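Asks: The structure follows.
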Amino acid sequence: MEENKNGYDPSQYEEEDYAPTQGGNERSMRGYRIVIIILSVILVALSMLYFSIHKQQMLDNQLLQADRDSIQNDLGRLMVEYDSLRFQNDSIAANLARANEVMEQLKRERRWNYNKIKQYEKEVGTLRTLMKGYIRQIDSLNTINKKVIKENVSLRKEVSTANQRADMAEEKAAELDNKIRIGSVIKARNIRLVALNKKSKQVSRIKNATRLRVDFVLSANELTTPGNKAVYVRIFSPDNYMLTTEAMPAFEFEGNQISYSAMREVDYQNQDLEVGIFYNSSGFVAGTYKIELYCDGHMIGETQIAMR
(Lines give C-alpha, C1' and ligand atoms only; values in the text may rest on other atoms or scores of the structure.)
Protein backbone atom coordinates (compact mmCIF):
# COMPACT_ATOMS: atom_id res chain seq x y z
CA MET A 1 0.00 0.00 0.00
CA GLU A 2 1.23 3.28 -0.97
CA GLU A 3 1.76 6.08 1.50
CA ASN A 4 -0.09 9.32 0.89
CA LYS A 5 1.59 12.41 0.30
CA ASN A 6 1.81 13.52 3.82
CA GLY A 7 3.43 10.18 4.84
CA TYR A 8 0.29 8.65 6.62
CA ASP A 9 -0.01 4.83 6.82
CA PRO A 10 -3.53 3.67 7.78
CA SER A 11 -2.55 0.08 8.57
CA GLN A 12 -0.08 1.27 11.04
CA TYR A 13 -2.67 3.00 13.11
CA GLU A 14 -5.18 0.16 12.94
CA GLU A 15 -2.72 -2.31 14.38
CA GLU A 16 -1.77 -0.02 17.18
CA ASP A 17 -5.38 0.64 18.11
CA TYR A 18 -6.38 -3.03 18.18
CA ALA A 19 -3.50 -4.39 20.22
CA PRO A 20 -4.32 -2.55 23.45
CA THR A 21 -8.02 -3.52 23.40
CA GLN A 22 -7.23 -7.24 23.26
CA GLY A 23 -4.85 -6.97 26.20
CA GLY A 24 -7.57 -5.38 28.39
CA ASN A 25 -9.95 -8.25 27.79
CA GLU A 26 -7.39 -10.75 28.90
CA ARG A 27 -6.79 -8.86 32.10
CA SER A 28 -10.51 -8.80 32.79
CA MET A 29 -10.79 -12.54 32.33
CA ARG A 30 -7.92 -13.14 34.73
CA GLY A 31 -9.65 -10.95 37.27
CA TYR A 32 -12.86 -12.87 36.91
CA ARG A 33 -11.05 -16.14 37.41
CA ILE A 34 -9.36 -14.85 40.54
CA VAL A 35 -12.67 -13.71 41.95
CA ILE A 36 -14.27 -17.04 41.13
CA ILE A 37 -11.41 -18.90 42.79
CA ILE A 38 -11.62 -16.70 45.87
CA LEU A 39 -15.37 -17.18 46.04
CA SER A 40 -14.91 -20.93 45.61
CA VAL A 41 -12.38 -21.01 48.44
CA ILE A 42 -14.70 -18.94 50.62
CA LEU A 43 -17.60 -21.24 49.75
CA VAL A 44 -15.55 -24.32 50.55
CA ALA A 45 -14.39 -22.74 53.81
CA LEU A 46 -17.96 -21.79 54.72
CA SER A 47 -19.14 -25.29 53.85
CA MET A 48 -16.42 -26.81 56.00
CA LEU A 49 -17.19 -24.38 58.80
CA TYR A 50 -20.89 -25.20 58.53
CA PHE A 51 -20.30 -28.90 58.57
CA SER A 52 -17.85 -28.48 61.43
CA ILE A 53 -20.35 -26.41 63.43
CA HIS A 54 -23.14 -28.82 62.56
CA LYS A 55 -21.00 -31.76 63.54
CA GLN A 56 -20.03 -30.01 66.79
CA GLN A 57 -23.67 -29.28 67.49
CA MET A 58 -24.51 -32.92 66.89
CA LEU A 59 -21.70 -33.94 69.19
CA ASP A 60 -22.85 -31.43 71.78
CA ASN A 61 -26.41 -32.70 71.50
CA GLN A 62 -25.17 -36.27 71.87
CA LEU A 63 -23.13 -35.26 74.92
CA LEU A 64 -26.12 -33.41 76.37
CA GLN A 65 -28.32 -36.41 75.68
CA ALA A 66 -25.73 -38.68 77.27
CA ASP A 67 -25.50 -36.36 80.27
CA ARG A 68 -29.29 -36.28 80.53
CA ASP A 69 -29.47 -40.07 80.32
CA SER A 70 -26.70 -40.34 82.90
CA ILE A 71 -28.55 -37.97 85.24
CA GLN A 72 -31.79 -39.89 84.73
CA ASN A 73 -30.02 -43.19 85.41
CA ASP A 74 -28.32 -41.80 88.51
CA LEU A 75 -31.59 -40.32 89.70
CA GLY A 76 -33.42 -43.58 89.01
CA ARG A 77 -30.88 -45.57 91.02
CA LEU A 78 -31.02 -42.94 93.74
CA MET A 79 -34.83 -43.23 93.90
CA VAL A 80 -34.54 -47.01 94.14
CA GLU A 81 -32.02 -46.65 96.96
CA TYR A 82 -34.26 -44.14 98.71
CA ASP A 83 -37.21 -46.49 98.34
CA SER A 84 -35.15 -49.46 99.51
CA LEU A 85 -34.50 -47.73 102.81
CA ARG A 86 -38.17 -48.32 103.74
CA PHE A 87 -37.75 -46.19 106.81
CA GLN A 88 -40.65 -44.20 108.28
CA ASN A 89 -39.02 -40.78 108.29
CA ASP A 90 -40.52 -37.48 107.12
CA SER A 91 -37.18 -36.20 105.82
CA ILE A 92 -36.55 -39.32 103.70
CA ALA A 93 -40.11 -39.21 102.40
CA ALA A 94 -39.68 -35.54 101.42
CA ASN A 95 -36.40 -36.24 99.59
CA LEU A 96 -37.93 -39.19 97.79
CA ALA A 97 -40.79 -36.94 96.68
CA ARG A 98 -38.25 -34.38 95.46
CA ALA A 99 -36.40 -37.09 93.53
CA ASN A 100 -39.67 -38.07 91.86
CA GLU A 101 -40.28 -34.42 90.97
CA VAL A 102 -36.80 -34.05 89.43
CA MET A 103 -37.36 -37.23 87.42
CA GLU A 104 -40.63 -35.84 86.04
CA GLN A 105 -38.86 -32.56 85.13
CA LEU A 106 -36.18 -34.52 83.29
CA LYS A 107 -38.84 -36.37 81.32
CA ARG A 108 -40.63 -33.11 80.38
CA GLU A 109 -37.44 -31.16 79.53
CA ARG A 110 -37.14 -30.36 75.80
CA ARG A 111 -34.41 -27.71 75.59
CA TRP A 112 -31.08 -28.71 77.07
CA ASN A 113 -27.94 -26.74 77.78
CA TYR A 114 -24.92 -27.07 80.02
CA ASN A 115 -26.39 -24.85 82.71
CA LYS A 116 -29.42 -27.12 83.08
CA ILE A 117 -27.20 -30.18 83.01
CA LYS A 118 -25.05 -28.75 85.81
CA GLN A 119 -28.14 -27.72 87.76
CA TYR A 120 -29.63 -31.21 87.57
CA GLU A 121 -26.27 -32.80 88.37
CA LYS A 122 -25.95 -30.55 91.42
CA GLU A 123 -29.45 -31.44 92.66
CA VAL A 124 -28.90 -35.16 92.10
CA GLY A 125 -25.57 -34.86 93.91
CA THR A 126 -27.30 -33.17 96.84
CA LEU A 127 -29.90 -35.92 96.99
CA ARG A 128 -27.16 -38.56 96.79
CA THR A 129 -25.24 -36.90 99.63
CA LEU A 130 -28.38 -36.84 101.78
CA MET A 131 -29.09 -40.47 100.98
CA LYS A 132 -25.54 -41.49 101.90
CA GLY A 133 -26.03 -39.67 105.18
CA TYR A 134 -29.24 -41.63 105.79
CA ILE A 135 -27.47 -44.87 104.92
CA ARG A 136 -24.66 -44.06 107.36
CA GLN A 137 -27.24 -43.26 110.03
CA ILE A 138 -29.11 -46.49 109.33
CA ASP A 139 -25.86 -48.48 109.32
CA SER A 140 -24.97 -46.85 112.62
CA LEU A 141 -28.42 -47.66 113.98
CA ASN A 142 -28.11 -51.23 112.71
CA THR A 143 -24.73 -51.52 114.42
CA ILE A 144 -26.17 -50.13 117.64
CA ASN A 145 -29.22 -52.37 117.23
CA LYS A 146 -27.03 -55.44 116.77
CA LYS A 147 -25.02 -54.43 119.82
CA VAL A 148 -28.20 -53.87 121.82
CA ILE A 149 -29.59 -57.21 120.62
CA LYS A 150 -26.34 -58.91 121.59
CA GLU A 151 -26.36 -57.20 124.95
CA ASN A 152 -30.05 -58.03 125.32
CA VAL A 153 -29.38 -61.69 124.54
CA SER A 154 -26.50 -61.67 127.01
CA LEU A 155 -28.67 -59.89 129.56
CA ARG A 156 -31.48 -62.36 128.97
CA LYS A 157 -29.05 -65.20 129.51
CA GLU A 158 -27.85 -63.56 132.68
CA VAL A 159 -31.42 -62.90 133.77
CA SER A 160 -32.37 -66.46 132.87
CA THR A 161 -29.37 -67.75 134.78
CA ALA A 162 -30.23 -65.45 137.67
CA ASN A 163 -33.86 -66.60 137.51
CA GLN A 164 -32.73 -70.21 137.47
CA ARG A 165 -30.46 -69.52 140.41
CA ALA A 166 -33.29 -67.66 142.12
CA ASP A 167 -35.67 -70.53 141.37
CA MET A 168 -33.11 -72.99 142.65
CA ALA A 169 -32.49 -70.81 145.68
CA GLU A 170 -36.23 -70.50 146.18
CA GLU A 171 -36.66 -74.24 145.80
CA LYS A 172 -33.79 -74.83 148.19
CA ALA A 173 -35.20 -72.23 150.54
CA ALA A 174 -38.64 -73.83 150.28
CA GLU A 175 -37.09 -77.23 150.74
CA LEU A 176 -35.08 -75.96 153.68
CA ASP A 177 -38.14 -74.22 155.08
CA ASN A 178 -40.10 -77.41 154.65
CA LYS A 179 -37.33 -79.35 156.35
CA ILE A 180 -37.26 -76.79 159.12
CA ARG A 181 -41.03 -76.90 159.36
CA ILE A 182 -41.00 -80.66 159.42
CA GLY A 183 -38.03 -80.67 161.70
CA SER A 184 -39.71 -78.23 164.05
CA VAL A 185 -42.65 -80.58 164.62
CA ILE A 186 -42.70 -81.97 168.12
CA LYS A 187 -42.68 -85.76 168.19
CA ALA A 188 -44.47 -87.86 170.76
CA ARG A 189 -42.88 -91.13 171.82
CA ASN A 190 -43.45 -93.88 174.36
CA ILE A 191 -47.21 -93.66 173.91
CA ARG A 192 -49.17 -95.82 176.41
CA LEU A 193 -52.84 -96.31 177.26
CA VAL A 194 -53.62 -96.90 180.96
CA ALA A 195 -56.98 -98.05 182.33
CA LEU A 196 -57.95 -96.47 185.69
CA ASN A 197 -60.78 -96.99 188.18
CA LYS A 198 -62.70 -94.38 190.14
CA LYS A 199 -59.79 -93.98 192.56
CA SER A 200 -57.41 -93.40 189.63
CA LYS A 201 -55.76 -96.74 190.29
CA GLN A 202 -54.56 -98.74 187.34
CA VAL A 203 -56.66 -101.84 186.58
CA SER A 204 -55.72 -104.83 184.49
CA ARG A 205 -59.11 -105.22 182.88
CA ILE A 206 -60.29 -102.30 180.79
CA LYS A 207 -63.90 -103.24 181.34
CA ASN A 208 -63.41 -102.21 184.97
CA ALA A 209 -62.07 -98.79 184.05
CA THR A 210 -63.94 -95.53 184.45
CA ARG A 211 -61.30 -93.38 182.80
CA LEU A 212 -58.36 -93.78 180.46
CA ARG A 213 -55.02 -92.04 180.60
CA VAL A 214 -52.80 -91.56 177.60
CA ASP A 215 -49.15 -91.20 178.67
CA PHE A 216 -46.39 -90.06 176.29
CA VAL A 217 -43.21 -88.01 176.09
CA LEU A 218 -42.88 -84.84 173.98
CA SER A 219 -39.39 -85.11 172.53
CA ALA A 220 -36.86 -82.29 172.83
CA ASN A 221 -36.61 -80.16 169.68
CA GLU A 222 -34.49 -76.99 169.39
CA LEU A 223 -36.25 -75.94 166.18
CA THR A 224 -39.66 -75.72 167.83
CA THR A 225 -40.81 -72.40 169.22
CA PRO A 226 -41.10 -72.86 172.98
CA GLY A 227 -44.20 -71.91 174.98
CA ASN A 228 -47.70 -73.14 175.72
CA LYS A 229 -48.78 -75.99 173.48
CA ALA A 230 -52.25 -77.49 173.11
CA VAL A 231 -52.00 -81.25 172.71
CA TYR A 232 -55.06 -83.16 171.43
CA VAL A 233 -55.65 -86.91 171.75
CA ARG A 234 -58.04 -89.02 169.71
CA ILE A 235 -58.87 -92.47 171.07
CA PHE A 236 -60.52 -95.02 168.80
CA SER A 237 -62.29 -98.09 170.25
CA PRO A 238 -61.76 -101.59 168.87
CA ASP A 239 -64.80 -101.09 166.62
CA ASN A 240 -63.08 -97.96 165.23
CA TYR A 241 -65.43 -95.58 166.96
CA MET A 242 -63.76 -92.40 168.22
CA LEU A 243 -64.37 -91.83 171.92
CA THR A 244 -65.51 -88.27 172.72
CA THR A 245 -67.79 -86.33 175.03
CA GLU A 246 -71.36 -85.27 174.37
CA ALA A 247 -70.12 -81.76 173.50
CA MET A 248 -67.95 -83.28 170.74
CA PRO A 249 -65.23 -80.59 170.79
CA ALA A 250 -63.17 -80.07 167.63
CA PHE A 251 -59.89 -78.48 166.48
CA GLU A 252 -58.54 -77.43 163.08
CA PHE A 253 -56.33 -79.80 161.16
CA GLU A 254 -55.29 -79.25 157.54
CA GLY A 255 -58.18 -76.88 156.95
CA ASN A 256 -60.80 -79.14 158.48
CA GLN A 257 -62.49 -79.23 161.86
CA ILE A 258 -62.05 -82.65 163.47
CA SER A 259 -63.32 -83.87 166.84
CA TYR A 260 -61.06 -85.13 169.64
CA SER A 261 -61.34 -87.18 172.82
CA ALA A 262 -59.42 -84.91 175.22
CA MET A 263 -56.81 -82.13 175.24
CA ARG A 264 -54.27 -80.54 177.55
CA GLU A 265 -52.14 -77.41 177.47
CA VAL A 266 -48.51 -77.86 178.40
CA ASP A 267 -45.50 -75.56 178.79
CA TYR A 268 -42.96 -76.84 176.30
CA GLN A 269 -39.38 -75.52 176.54
CA ASN A 270 -37.64 -77.60 173.87
CA GLN A 271 -36.84 -80.34 176.38
CA ASP A 272 -38.30 -83.82 176.86
CA LEU A 273 -41.62 -83.42 178.59
CA GLU A 274 -43.71 -86.25 180.08
CA VAL A 275 -47.46 -85.68 179.60
CA GLY A 276 -50.60 -87.53 180.61
CA ILE A 277 -54.06 -86.75 179.21
CA PHE A 278 -57.21 -88.19 180.84
CA TYR A 279 -60.44 -89.29 179.18
CA ASN A 280 -63.40 -89.93 181.52
CA SER A 281 -66.10 -92.44 180.50
CA SER A 282 -67.20 -96.04 181.04
CA GLY A 283 -68.29 -99.11 179.15
CA PHE A 284 -64.88 -99.85 177.71
CA VAL A 285 -64.37 -103.21 176.03
CA ALA A 286 -61.31 -105.30 175.51
CA GLY A 287 -59.57 -105.08 172.19
CA THR A 288 -57.10 -102.96 170.26
CA TYR A 289 -57.31 -99.22 170.74
CA LYS A 290 -55.84 -96.70 168.35
CA ILE A 291 -54.26 -93.53 169.72
CA GLU A 292 -53.53 -90.32 167.71
CA LEU A 293 -51.80 -87.22 169.12
CA TYR A 294 -51.87 -83.71 167.56
CA CYS A 295 -50.06 -80.43 168.29
CA ASP A 296 -49.51 -77.17 166.36
CA GLY A 297 -51.56 -78.47 163.45
CA HIS A 298 -49.50 -81.65 163.02
CA MET A 299 -50.00 -85.26 163.97
CA ILE A 300 -47.13 -85.83 166.39
CA GLY A 301 -47.63 -89.51 167.06
CA GLU A 302 -49.88 -92.54 166.80
CA THR A 303 -49.97 -96.13 167.96
CA GLN A 304 -52.21 -99.14 168.54
CA ILE A 305 -52.50 -100.74 171.97
CA ALA A 306 -54.19 -104.02 172.87
CA MET A 307 -56.22 -103.80 176.07
CA ARG A 308 -57.53 -106.85 177.94
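Asks: Out of Ile186, Ile206, report the one residue that is touching a strand residue (DSSP E or B) at 6+ places or on another chain (Cβ under 8 Å) and under 21 Å from Gly297 (Cα atoms).
Replies: Ile186
Asks: Within the range 220-241, track down each residue that is modelled with pLDDT under 95 and surrounded by 15 or more Cβ atoms within 10 Å (Cβ to Cβ).
Replies: Asn221, Thr224
Asks: Further, regarding this structure: If a residue counts only when it is in contact (Cβ under 8 Å) with a residue 60 or more places away in the chain, which strands (runs of 3 or more DSSP E) contained entirely in the range 240-308 have at least 2 such residues?
Replies: 273-280, 287-295, 298-307
Asks: Are there any pairs with C-beta distances below 9 angstrom linking a residue in the range 220-233 that is closer than 11 Å to Ile277 by Cβ and assigned to a loop (DSSP other than H, G, I, E, B) to a residue that is open to solvent by 20 Å² or more (accessible area, probe 1.4 Å) and not acidic (Asp, Glu), with the two at least 6 apart or on different chains, and if so which?
Replies: Qualifying pairs under 9 Å: none.
Asks: Considering the range 281-303 alone, what residues qualify as being over 13 Å from Val231 (Cα atoms) and either exposed (fewer than 12 other Cβ atoms within 10 Å of the Cβ) or of a type in the set (Ser, Thr, Tyr) (or both)?
Replies: Those that are over 13 Å from Val231 (Cα atoms) and either exposed (fewer than 12 other Cβ atoms within 10 Å of the Cβ) or of a type in the set (Ser, Thr, Tyr) (or both): Ser281, Ser282, Gly283, Val285, Thr288, Tyr289, Thr303.
Asks: Kindly list, by first and then second residue, each pair from a residue in the range 176-204 that is free of Cβ contacts under 8 Å to residues at least 24 places away in the same chain and more than 21 Å from Arg264 (Cβ to Cβ) to a residue that is in a loop (DSSP other than H, G, I, E, B) and open to solvent by 50 Å² or more (accessible area, probe 1.4 Å), limited to pairs with Cβ atoms under 9 Å and residues at least 6 apart or on different chains.
Replies: Arg181/Leu223
Asks: Restricting the range 172-208 to residues that are within 60 Å of the chain's Cα centre (by Cα) and assigned to a loop (DSSP other than H, G, I, E, B), which is surrounded by the most Cβ atoms within 10 Å (Cβ to Cβ)?
Replies: Across the range 172-208, the extreme among qualifying residues is Ile186.
The values are calculated or read from the model by the stated rules, or taken from the named source; none is laboratory data. Values in this document were obtained by computation on a predicted structure and should not be read as measured data. We place every Cβ from the backbone using ideal geometry, glycine too, and count neighbours over all the protein chains shown. The protein model used for the area step is the full one, side chains on, heavy atoms only, and it has no ligands, DNA or RNA in it. Shrake-Rupley method; radii C 1.70, N 1.55, O 1.52, S 1.80 Å.
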